[in-house]
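Before any comments, here is the structure.
A short reminder: the numbers here are calculations on the coordinates, not readings from a lab. In this text, all values refer to a predicted model and were calculated from it rather than measured experimentally. Note: ideal-geometry Cβ built from the backbone for every residue, glycine included; neighbour counts use all protein chains shown.
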Amino acid sequence: MTLEKVIAILAEYKECDPQEIHENSTFEELEMDSLDTVDLMMTFEDEFGVQLEMSEDVKTVGDIAKAIQAQQE
Amino acid sequence: MRDKMFRILSTASALPRRRVRNEELAEFLDTSDEWIRQRTGIRERAVCTDESLTDLMTQAGREALERAGVKPQELDLILCATIRGDDISPSQACLVQRELGAGCPAMDLGAACTGFLYALDVAAGYFARGRVKRVLILAGDTMSRLVNWKDRSTCVLFGDGAGAVLLGPGEALRAIRLTADGNSELLKIPHSGGNSPFDRLEPQQPYLSMNGQEVYKFAVSSLCRDVRQVCSEAGVLPEELDWLVPHQANLRIIESAAHKLHIPMERCLTGIETMGNTSAASIPIVLDRANTNHQLQAGQTLALTAFGAGLTTGACILTW
């Protein structure tokens, strides 16, 4: 559920088809720079009510979903 | 709302002559036009060569007075929002006061890029007390003289310029909000120190330093928060605003905040593409451009919003 919502948010941000985004998609593949990352982290924080850290470990879409879920537990 | 408040009688602005495009910076910095444009929206900026801040502000101030048909001697107050004037003392406001031939009290106001909003609020207080009828607000900096031109992450962001508004009695101001949250880690320009034989403080490099990502986050979130707050006070929805007039720090900040506020970019005044971040001057400069191009219609509702070192923020709702 979290992963699907993360993909939906990313698709809206990138104005692309959600089908083009996968669990293993990286920020680089999605052509997102450091400011995009900050923007999206803010959106995820608003949508999920969590505080996210931009760390080295968060490289893929799946990593973001896991980080959000970890905060929610 | 209030018996005594202000309205804007005229606007003016001044940029130095020399224009520096991204391509020219790429000749001596490890950067590129593409990187700068994509990250910031900036294509070129104006930088001072032989102009002083006093030159720019005097030009803007004089033009604002002429456009309003007001003589310098009629001024009751000069407020100058600047990070660093041409001298540490006298104040930048006093230097310009002399050039204009005015005789009123003059003072500087330090709120970095939020300085113009802070100055509007200070002016509001003077009008509310019935102390003034004509107030000249000047805002500007020679940022090119404050950044480290060997630091590609910061020097590409800024430009030089000055803006001015002349205020007279009226009812334009509908809501205003200022904030401060003391912090020197995210954004700072240290002083350089003198030659006291007793001084034990560490000397510092007198250049701007900034945590870009954190400042971006601070800027977008505070812009949204402040605009929602002043809109609520003024009884208007953000999407009903005729114009959003944001501090011009980075086009991505403006786009991100406008998106969150549901304001289309066509209703955001921008100028950063051709001037970079001109500190507190950015809002009066884009206001002046829009005013001169007849984009602003009487009766329209404007939200001005700024954020800067301090960390400071400010926003207001004006009827044009």
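Residue order for B:Y118, B:Y216, B:Y126, fewest other beta carbons within 10 angstrom first, comes to B:Y126, B:Y216, B:Y118. Within a straight-line Cα-Cα reach of under 26 Å, A:K66 can be paired with the following lysines, leaving aside sequence neighbours fewer than 8 residues apart in one chain: A:K5, A:K14, B:K217, B:K260. With respect to chain A, whose longest principal axis is taken over its alpha-carbon atoms, helix A:2-14 is tilted by about 50°. Exposure proxy shown here: for B:H191, B:H294, the number of other Cβ atoms within 10 Å sets the order, fewest to most, as B:H294, B:H191.
Each Lys and Arg Cβ is given +1 and each Asp and Glu Cβ -1; about its Cα centre, region B:149-225 then shows a dipole of about 200 debye.
Scalar couplings 3J(HN,Hα) for region B:10-24, obtained by applying the Karplus form with A = 6.51, B = -1.76, C = 1.60 to θ = phi - 60°, are 7, 10, 6, 7, 8, 10, x, 6, 6, 9, 10, 7, 4, 4, 5 Hz; x denotes Gly and Pro. Listed values for region B:240-252 are Karplus-derived 3J(HN,Hα) couplings in whole Hz (6.51 cos²θ - 1.76 cosθ + 1.60, θ = phi - 60°), namely 8, 4, 6, 9, 9, 10, x, 4, 9, 9, 6, 4, 5, and x replaces Gly and Pro.
With N counted as the residues of the protein assembly as shown, its alpha-carbon radius of gyration over 2.2 N^0.38 Å works out to 1.03.
Beta bridges assigned by DSSP with both partners in region B:5-171 are antiparallel in approximately 70 percent of cases.
Taking θ as phi - 60° and the Karplus parameters 6.51, -1.76 and 1.60, the scalar couplings of region B:257-273 work out to 5, 4, 4, 5, 8, 6, 10, x, 4, 5, 9, 10, 7, 10, x, 4, 4 Hz in sequence order, x denoting glycine and proline.
Comparing B:S153, B:S91, B:G125 along the charge dipole axis of region B:5-171, the residue lying farthest to the positive side is B:G125, per the Cβ-charge model. Dividing the C-alpha radius of gyration of region B:22-66 by 2.2 N^0.38 Å, with N its residue count, gives 1.64. Quotient of the Cα radius of gyration of chain A and 2.2 N^0.38 Å, N being its number of residues: 0.98.
Given +1 at the Cβ of Lys and Arg, -1 at the Cβ of Asp and Glu and no other charges, the dipole of the protein assembly as shown around its Cα centre is 2140 debye to the nearest 20. Amide hydrogen proximity for B:G310: with H placed 1.01 Å from N in the peptide plane, the residues at 5 or more positions away or on another chain lying under 5 Å are B:N183. Convex hull volume of the C-alpha atoms in region B:5-171, normalised per residue: 114 Å³. Averaged over the residues of B:250-256, the number of partner chain Cβ atoms lying within 10 Å of the residue Cβ comes to 2. Backbone amide hydrogens, once placed in the peptide plane, bring B:H247 within less than 5 Å of B:T305, B:A306, B:F307, excluding anything fewer than 5 places away on its chain. Exposure proxy for B:I78, A:I9: other Cβ atoms within 10 Å of each Cβ, ordered fewest to most, give A:I9, B:I78.
Look at the stretch A:38-45: the mean tally of other chain Cβ atoms within 10 Å of its residues' Cβ atoms is 4.
Placing unit charges on each Cβ (+1 for Lys and Arg, -1 for Asp and Glu) gives region A:2-72 a dipole about its Cα centre, and among A:V38, A:A65, A:N24 the Cα reaching farthest toward its positive end belongs to A:A65.
Under 5 Å from the amide H of B:F158 lie the amide H atoms of B:N277, each residue being 5 or more positions distant or on a separate chain, with H modelled from the backbone and absent for Pro and chain starts.
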